[in-house]
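Structure first, commentary second.
The values are calculated or read from the model by the stated rules, or taken from the named source; none is laboratory data. Since the model is a prediction, treat every value here as computed from it, not as a measurement. Positions of Cβ are generated from backbone atoms using ideal geometry, with glycine treated the same way; all protein chains shown enter the neighbour counts.
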Amino acid sequence: MKHVKSTLLFGAVLPAAMFAQERPNIIYIMTDQQSATAMSCAGNADVHTPNIDRLAAHGVRFENAYCAMPLSGPSRAAMFTGHTPGEVGLLKNGTPMPDSLRTRTLGTLVEQAGYTTAYAGKWHVHTNSLPGKQAFGFENLHPHNDFGLADAAVRFLRRKHDKPFFLVASFDNPHNICEYARRQELPYATIEEPALEECPNLPDNFSVAPYDADVLAYERSLSYRIYPTQNYTPDDWRRYRNAYYRLVETVDREIGKIVDELDRQNLWKNTVIIFTSDHGDGSGAHQWNQKTVLYEEVAHIPFIVCLPRSKHAGKVLPQLINNGVDLLPSICDWAGANVPADCQGISFRPIAESSDTQKEHQPYVVTETLFAQTGGTHGWLVRTPHYKYVLYETGKNREMLYDMQNDRGEMRNLAIEHRYQEIVNRHRALLLEWMKKHPTPGKNSPTRFIPKQKVGF
């Protein structure tokens, strides 16, 4: 809170303009349903994202960032409240925010700290657009609609600002892949189908892995509307992957309008820019489309932080980030805003500004999930520097462990091997610790789903 204290000098209040210079502008750019690897700056040759790449070239890219929950509403609720979805009852799309949180959201906190705050695009906590011209601390610049969104953001940037600003530009795409899979009209894009030979090949982890959780096949079988890919051929999946990457390129072009304005005004010198997505998409890995599942393609999201004057430009960091609960304390850190005492996220500002690849941000992150739209299965992943542990509440092979340095495609479940039992036990203990820190409403705690510790088979 040093920025707040610095506004007072020998009992006198400093001019607003001087205070504005002490703190950076903040721009938060978000896509919907974009996997961490769906960027050319991440080494993906099947997609071309020159404008997201420009952000990465100016900023620090975190290669181990995860969403709070791989579903739009819960993920965004975590971002703007600083709470895990489960602990505040926001595990489903369309669930209203509790009254106790409505006046202490991220927008409200930053506005109270003296920022001009504005929001353009998809909100989805719980309404698709912000309700009204002013809500949750934000001026509503543009509704949930990718058409005109970037233009609205640019108009805001061109205003005369006498104090720092916090702008959110929240795009829908590549979420239109959901409509594509259902053979419906795409709301915010047009896709031209090329010859099959021009479509991306299948991913290396296209097959469902041996010893994968069998509850996933059950959940997928319950809704043709959500998972209309159940009878896809390999050729169908290649066309799906082509459409997905073209949708990423569509939203990249819109992001480019904002990046061009950053160049035009040289806003790089005094602005923190954060780019991410609320969750990813299966895009054919393990023959999965959509989200909710805890596969890497779905839970692992892009995360780029551009610091003022492009400090540490082009750096790639391995620290673990939860782009849900960690967002609120981080933006409040830069803005000099008060962080609610019960917020359990951790500011990533010190890590981004130090760029020390060896400095630990946090020892682990957790992503939770609930198949609320189908059978109601709960699940959790625990990501540590070397491993990823996944637990679903029910079914065969409901417990999985993967080596994230050698098997990011999650094809070899180490939890079935005796020699990894102690590592499994350690991750069970971490999940238990996390569940106790983030208790869920109701009389039944999900701690009951964690298998008992074993010393052998």
Counting only residues that are surrounded by 21 or more Cβ atoms within 10 Å (Cβ to Cβ) and not basic (Lys, Arg), segment 114-136 contains a total of 11
Could you give me the residue pairs with C-beta distances under 8 Å whose first residue belongs to segment 424-436 and is closer than 13 Å to residue 366 by Cα, whose second residue is at pLDDT below 95 wherever it lies, and which are 6+ apart or on separate chains?
-> 428/453; 429/453; 435/445
Exactly one condition in (1) closer than 17 Å to residue 425 by Cα; (2) of a type outside the set (S, T, N, Q); (3) touching a residue at least 24 places away in the same chain (Cβ under 8 Å) is not met by residue 360; state its number.
-> (1)
Answer yes if at least one residue in segment 105-114 is out of contact with any Gly (no Cβ under 7 Å at 6 or more places or on another chain), in a loop (DSSP other than H, G, I, E, B) and closer than 26 Å to residue 244 by Cα, and no otherwise.
-> no
Residue count, segment 261-288, condition closer than 16 Å to residue 212 by Cβ and more than 15 Å from the chain's Cα centre (by Cα), comes to 5
Search segment 422-443 for residues being among the β-branched types (Val, Ile, Thr) and touching an Asp or Glu at 6+ places or on another chain (Cβ under 8 Å), and hand back the single one that is surrounded by the most Cβ atoms within 10 Å (Cβ to Cβ).
-> 424
Hey, can you tell me all the residues within segment 312-337 that are out of contact with any Lys or Arg (no Cβ under 9 Å at 6 or more places or on another chain) and part of a loop (DSSP other than H, G, I, E, B)?
-> 312, 313, 323, 325, 326, 337
Going through (1) without any contact (Cβ under 8 Å) to a residue 24 or more places away in the chain; (2) in a helix (DSSP H, G or I); (3) surrounded by 18 or more Cβ atoms within 10 Å (Cβ to Cβ) one by one, residue 180 fails only at (1)
Which number in (1) buried (at least 23 other Cβ atoms within 10 Å of the Cβ); (2) out of contact with any Gly (no Cβ under 7 Å at 6 or more places or on another chain) marks the one condition that residue 270 misses?
-> (1)
Among the residues of segment 212-227, which ones are in a loop (DSSP other than H, G, I, E, B) and crowded, with 16+ Cβ neighbours inside 10 Å?
-> 212, 213, 226, 227
What number of residues in segment 65-100 are surrounded by 19 or more Cβ atoms within 10 Å (Cβ to Cβ), outside any loop (DSSP other than H, G, I, E, B) and not hydroxyl-bearing (Ser, Thr, Tyr)?
-> 11
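To keep it simple, each residue is scored yes or no on (1) closer than 24 Å to residue 398 by Cβ; (2) out of contact with any helix residue (DSSP H, G or I) (no Cβ under 7 Å at 6 or more places or on another chain); (3) not aliphatic (A, V, I, L, M).
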position: 274; (1), (2), (3): no, yes, no
position: 278; (1), (2), (3): no, no, yes
position: 286; (1), (2), (3): yes, yes, yes
position: 289; (1), (2), (3): yes, no, yes
position: 300; (1), (2), (3): yes, yes, yes
position: 305; (1), (2), (3): no, no, no
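Scan segment 203-247 for residues that are without any contact (Cβ under 8 Å) to a residue 40 or more places away in the chain and among the aromatic types (Phe, Trp, Tyr) and jot them down.
Listed by number, the list holds a single entry, 224.
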For segment 7-24, indicate whether the set of residues that are surrounded by 11 or more Cβ atoms within 10 Å (Cβ to Cβ) and modelled with pLDDT of 95 or more is non-empty.
-> yes
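One line per residue, one yes/no per condition, for (1) among the acidic types (Asp, Glu); (2) in a helix (DSSP H, G or I); (3) surrounded by 20 or more Cβ atoms within 10 Å (Cβ to Cβ); (4) without any contact (Cβ under 8 Å) to a residue 40 or more places away in the chain:
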position	(1), (2), (3), (4)
34	no, no, yes, no
38	no, no, yes, no
48	no, no, no, no
55	no, yes, yes, no
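Matching residues to (1) at pLDDT 95 or above; (2) more than 20 Å from residue 297 (Cβ to Cβ):
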position: 116; (1), (2): yes, yes
position: 128; (1), (2): yes, yes
position: 136; (1), (2): yes, yes
position: 153; (1), (2): yes, yes
position: 180; (1), (2): yes, no
position: 183; (1), (2): yes, yes
position: 192; (1), (2): no, yes
position: 196; (1), (2): yes, yes
position: 199; (1), (2): yes, no
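If the requirement is being out of contact with any Cys (no Cβ under 9 Å at 6 or more places or on another chain), under 30 Å from residue 444 (Cβ atoms) and not polar (S, T, N, Q), which of these qualifies: 167, 90?
Going through 167, 90 in turn, just one is out of contact with any Cys (no Cβ under 9 Å at 6 or more places or on another chain), under 30 Å from residue 444 (Cβ atoms) and not polar (S, T, N, Q): 90.
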